[in-house]
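Reading through the structure tokens given below for one structure.
The values are calculated or read from the model by the stated rules, or taken from the named source; none is laboratory data. Because the structure is predicted, anything quoted here is derived from the model rather than measured. Here the Cβ positions follow ideal geometry from the backbone for every residue, glycine too, while neighbour counts run over all protein chains shown. Accessible surface areas use protein heavy atoms only, side chains included; no ligands, DNA or RNA. Shrake-Rupley method; radii C 1.70, N 1.55, O 1.52, S 1.80 Å.
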Amino acid sequence: MLNDYERLVPYLKLVKLSNRQVLYEAGEPIAQVYFPNKAVVSIITTMEDGSTVEVGLVSNEGMVGMPIILGDNITTITESVQIPDSAMQIDADILRFYSFLIPLPAKTFERAGI
């Protein structure tokens with residue numbers, strides 16, 4: 001029987017993330033989800049006055065595109081590469097499908113501050 005990771009492997013693709021590459025803009029649908037290897041991705045929110053502030057970072061301990069496994073496909077934040085490297089990329093629809101089949105441990109949500 002395949003473990004959870006083995007089920008996803010056929011759908012994962014190694015991609016290069018460039019410096020300042022914007023992975024998502026606030027209000028856009030999430031098409032791809034990223035699991036950074038050595039890259040670091042900034043989580044940026046826009047304040048009421050239009051200014052922006054970095055509110056978090058994602059690296060090899062997390063994923064970029066968390067709303068997908070929480071049942072949403074639109075992001076409310078901007079995510080931009082701060083330190084370039086690579087990531088494993090998966091289609092958001094595939095991860096959404098598997099997230100219903102694979103029980104996610106509570107620690108995943110605790111790490112994300114959810």
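If you check Gly71, Gly65, Gly56, which single one turns out to be out of contact with any helix residue (DSSP H, G or I) (no Cβ under 7 Å at 6 or more places or on another chain) and within 15 Å of Ser99 (Cα to Cα)?
Gly71
If Asn3 satisfies every condition in (1) of a type outside the set (Phe, Trp, Tyr); (2) exposed (fewer than 15 other Cβ atoms within 10 Å of the Cβ); (3) modelled with pLDDT of 95 or more but one, which is the exception?
(3)
Looking at the range 81-106, which of its residues are open to solvent by 50 Å² or more (accessible area, probe 1.4 Å), under 23 Å from Ser42 (Cβ atoms) and modelled with pLDDT under 95?
Of everything in the range 81-106, nothing turns out to be open to solvent by 50 Å² or more (accessible area, probe 1.4 Å), under 23 Å from Ser42 (Cβ atoms) and modelled with pLDDT under 95.
Going by what's in this entry, would Leu57 be described as open to solvent by 30 Å² or more (accessible area, probe 1.4 Å) and assigned to a strand (DSSP E or B)? Break it down into steps so the answer makes sense when it comes.
Values: open to solvent by 30 Å² or more (accessible area, probe 1.4 Å): yes; assigned to a strand (DSSP E or B): yes.
Taking the combined requirement at face value, the residue satisfies it.
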